[in-house]
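Structure first, then comments.
The values are calculated or read from the model by the stated rules, or taken from the named source; none is laboratory data. Predicted, not measured: the structure shown is a model, and the values here were computed from it. Please note: Cβ atoms are built from the backbone with ideal geometry, for glycine as well, and neighbour counts cover all protein chains shown. Heavy atoms of the whole protein, side chains included, go into the accessibility calculation; ligands, DNA and RNA do not. Shrake-Rupley method; radii C 1.70, N 1.55, O 1.52, S 1.80 Å.
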Amino acid sequence: MLCNNLEQLQRARREGYAVPAINTQGGTYDIIMAICRAAEELKSPVILAHYVATGAYSGHDWFCQVARWCAEKVSVPVSIHLDHGADFGICMEALRLGFTSVMIDGSALPVRENAALTESVARVARCFHVPVEAEVGELQRLDSCGAVMENRNLADPEEVKEFLSLCHPDTLAVGIGNAHGFYKGKPEIHLEILEAVRRFCDLPLVLHGCTGMDEEIIRKAVRELGIAKINYGTEIRWKYIQYLEEGLKMDHQGHAWKVSQYACQALTEDVKRIICLSGSAGRAK
């Protein structure tokens, strides 16, 4: 059931659980259907996330059409989310294509510029009844070995407060030492930043870079610190490739759909684990 996710995220924040947002690798049917099936089985809302870079192969319109088709095959709330939209133009394209949620990521900009960009997107998105996610405190990027490729500061709660005085996003991602990619060793996650932000911000908060993060930290952030959306990408894309490789060793008789079916079914179990971690099982309404 295709939906706008704002009501789901607001409820999640109030009740101490999170809605999982899972990257779909540019509209890969096996991944999207695995996410939707897992959500249906566990009666959980779910978010189909789309990175701009992964849409380069199939096209953003392809992702949106496949995601909408799969969403309508299940009875639970499913939203279609643009993740890390880098500029005004890509967010406008997402709105035209029918995305039901967009993120404008101006976190590399100074606070005032980030706020101005965020508000310019939010002003238009409101006309489409589409919620907007913003970010303060740019995430680190990790290489394939887990080493930091770029050094970025953690979010300063005072800058977050200034940011929110200048713009009005619907949800907010805050940098707390989390990163995209596989972590090398145990990541240093600063939950005290979330604690400080939560004192003056009642928006649903978003936790990016959950792959490899200590699950107890994720649970604490969700249950106690306002995190209402948890993002998974790296784990899912690597697991999908692993399952394709396993499927190719089966007696597939040259039928690509048999390999895809195997990967989809195996990945469904991984998504179910993420749903259970988020606490969203049984929360579909």
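Just a few scattered comments:
- Pairs with Cβ under 8 Å, 6+ apart, first in region 211-238 and under 21 Å from residue 266 (Cβ atoms), second open to solvent by 10 Å² or more (accessible area, probe 1.4 Å) and charged (D, E, K, R): 211/235; 212/235; 235/270; 236/270
- Among the residues making up region 5-52, those that are under 27 Å from residue 86 (Cα atoms), over 14 Å from the mean Cα position of the chain (by Cα) and assigned to a loop (DSSP other than H, G, I, E, B) are 27, 28.
- Residue in region 252-274 that is modelled with pLDDT under 95, touching a helix residue (DSSP H, G or I) at 6+ places or on another chain (Cβ under 9 Å) and either open to solvent by less than 10 Å² (accessible area, probe 1.4 Å) or not polar (S, T, N, Q) (or both) present: yes
- Condition check for residue 235: open to solvent by 10 Å² or more (accessible area, probe 1.4 Å) and over 18 Å from residue 272 (Cβ atoms): no
- For region 171-196, a residue qualifies if it is buried (at least 22 other Cβ atoms within 10 Å of the Cβ) and in a helix (DSSP H, G or I), and exactly one does: 194.
- The number of residues in region 93-119 being part of a helix (DSSP H, G or I) and within 19 Å of the chain's Cα centre (by Cα) comes to 5.
- Contacts under 7 angstrom Cβ, first residue in region 37-52 being under 18 Å from residue 210 (Cα atoms) and open to solvent by less than 50 Å² (accessible area, probe 1.4 Å), partner of a type in the set (Phe, Trp, Tyr) and not in a strand (DSSP E or B), 6 or more apart: 50/63
- Selection within region 247-260 - free of Cβ contacts under 8 Å to residues at least 60 places away in the same chain and part of a helix (DSSP H, G or I): 247, 248, 256, 257, 258, 259
- Number of the exception - residue 105 against (1) buried (at least 19 other Cβ atoms within 10 Å of the Cβ); (2) in contact with a strand residue (DSSP E or B) (Cβ under 7 Å, 6 or more places away or on another chain); (3) farther than 30 Å from residue 223 by Cβ; (4) of a type in the set (Asp, Glu): (3)
- Subset of region 197-215 [farther than 25 Å from residue 51 by Cβ and assigned to a loop (DSSP other than H, G, I, E, B)]: 199, 200, 201, 202
- Residue 87, sole failed condition from (1) at pLDDT 95 or above; (2) open to solvent by less than 10 Å² (accessible area, probe 1.4 Å): (2)
- Members of region 219-246 found to be under 14 Å from the mean Cα position of the chain (by Cα) and part of a helix (DSSP H, G or I), listed by number: 234, 235, 236, 237
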